[in-house]
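Engineer: The structure under discussion is supplied below as C-alpha cells; questions concerning it will follow.
Taken together, the values in this text are just the output of simple stated rules run on the coordinates, not laboratory data. Not measured: the values here are computed from a predicted model. We place every Cβ from the backbone using ideal geometry, glycine too, and count neighbours over all the protein chains shown.
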Amino acid sequence: MKRDIITINEELCNGCGQCTKGCHEGALQLIDGKAHLVSELYCDGLGACIGDCPTGAISIEQREAEPYDEVATMERLVPQGTKVIEAHLRHLHDHGEKQLFQQGVQYLKEHNIPFNPMNVLHGGGCPGSAQQVFDAPVAVASAAEMPSQLTHWPVQLHLLNPQAEVFHGADVLLAADCTAYANAVFHQKLLHGRRLAIACPKLDSNKESYVDKLRQMIDDAKINTLTVVIMEVPCCGGLLQLAKMAVEQASRKVPVKKVVIGIRGDILEETWI
C-alpha cells in the first residue's frame, strides 16, 4: 500500500540524534553516526521528527510501505517502560490519531500494563500544544487604518479551486492557520499582493489532496511564486513539506519562499528555498 512515511537524506544528516527524541515509536535510530528509519512498520508518517532536525535532512514522501501497526509498536515499546509508553500515547493524542490512540490504550488494558492517563492527556506532548500566556500589547491602530488585503473566497485549501481565475499567474501565499492570528501585520506584510490559501498540517485530514491542489496551481494556473508561512512549532513544518512535494511533482518550477512566525508573532525567518 502507498502511505506517508519519512525519508532521510544521509548527506544532510549530521548524526546529532535530535530526531530520535521526537520519534516516540522508536522508528529512528543512529547507526554509524547517521539517522536511519529502522523499520517502516513503526513509522506513523506524522512527521513529528521533522522539526527536530537542524539540517533539514528529514522529509515526508508517499511510497509503498508496510502499514503502520499500533499493536506491533506497543509490543516494542512496553519493555522500554511507562514513560516511553505514555510519550507514545501523547504523540498519537496530540496529532489527533484517535483510532490508533484507542488501539494503544486497549492493548495496555488487555495486557494489564499500568499507565497514567493524566500524563498522557496533560503531560507535555507536542511543543506546539504547550500552553503559554502573553501580555497583550496596547492597540496602536484602528481597523479602518489597516484594511483587509484578502482578494477572494474561499481560502481553505480543501475548499478552493486551484485552477480558479484568481490564481492564474498569481503570487500565492500558503499560510498555516495560526499565522494570521499570531502576526499583527499579516495582511499588510504577508498577504498584500498575494492570493491566499490556508491549511493546518497537524489537524487537517486528506493532506494528499493538498499536494495535488498545489501542483495544479503550479502546472495549470501557472502561479508566479509560492510563499509558505508557518509557525515556529515543529508540527507546522509539515506544511512546507507538502509544498515541496507539490513542487517536485509539478512539471513547472516556481520560486518558493519560507516564512517562519514566532509564537509571539514576530517574523523569525524569510528564506527563498
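Engineer: Taking each pair of different alpha-carbon atoms in the chain once, compute 1/r for the pair, average those values, and report the inverse of that mean as the Kirkwood hydrodynamic radius in Å to one decimal.
Structural biologist: When all Cα pairs of the chain are included, the Kirkwood radius is 20.2 Å.
Engineer: Where both residues lie in the chain, what percent of DSSP beta bridges are antiparallel, nearest 5?
Structural biologist: 50
Engineer: Just the number, please: percent antiparallel of the DSSP beta bridges in the range 147-272, rounded to the nearest 5.
Structural biologist: Bridges in the range 147-272 are about 25 percent antiparallel.
Engineer: THR151 to ALA164: extension gain in nm, 0.36 nm per residue of separation minus the Cα-Cα distance?
Structural biologist: 3.4 nm
Engineer: Which order results if MET146, MET231, MET217 are arranged by neighbouring Cβ count within 10 Å, fewest first?
Structural biologist: Listed from fewest to most nearby Cβ atoms, that is MET146, MET231, MET217.
Engineer: Once the other residues with Cβ under 14 Å from the Cβ of ILE223 are scored (Lys, Arg +1; Asp, Glu -1), what is the net sum?
Structural biologist: Here the charged neighbours net out to +4.
Engineer: Oh, and also: At 0.36 nm per residue, and after removing the present C-alpha to C-alpha distance, how many nm does the segment from ILE273 to ALA184 gain when stretched out fully?
Structural biologist: Computed gain between ILE273 and ALA184 is 29.6 nm.
Engineer: Could you check the spin-label model distance between VAL84 and ASP266? Points 7 Å from the Cα along Cα→Cβ, value in nm.
Structural biologist: The answer from the label model is 3.9 nm.
Engineer: Ok, one more. How would you rank VAL185, VAL229, going from fewest to most other Cβ atoms within 10 Å of each one's own Cβ?
Structural biologist: Lowest to highest Cβ neighbour count: VAL185, VAL229.
Engineer: Past 29 Å, Cα to Cα: identify those pairs from LYS34/LYS258; LYS2/LYS189; LYS34/LYS244; LYS34/LYS83, in the order given.
Structural biologist: Correct reply: LYS2/LYS189.
Engineer: Hey, another quick one. If we count other beta carbons within 10 Å of each Cβ, what is the order of TYR210, TYR181, fewest first?
Structural biologist: TYR181, TYR210
Engineer: Also: With a ≥ b ≥ c taken as the square roots of the eigenvalues of the C-alpha gyration tensor of the range 78-124, please select rounded if a/c is under 1.5 and otherwise prolate if a/b is larger than b/c or oblate if it is not?
Structural biologist: oblate
Engineer: If you don't mind, another one. Given 0.36 nm per residue, what is the gain on full extension from ALA72 to ASN14 after removing their alpha carbon distance, in nm?
Structural biologist: Roughly 17.9 nm would be gained on extension.
Engineer: Treating cross-link reach as a plain straight distance, find the aspartates and glutamates whose alpha-carbon is under 13 Å from the alpha-carbon of LYS207, omitting any fewer than eight places away in the same chain.
Structural biologist: Filter leaves ASP4, GLU61.
Engineer: Once you charge only the Cβ atoms, +1 for Lys and Arg and -1 for Asp and Glu, what is the size of the charge dipole of the chain about its Cα centre, to the nearest 20 debye?
Structural biologist: The dipole of the chain has a size of about 480 debye.
Engineer: Still on this structure, please answer the following. Net charge near LEU203: determine it from the other residues with C-beta under 14 Å of the C-beta of LEU203, scoring Lys and Arg +1 and Asp and Glu -1.
Structural biologist: -1
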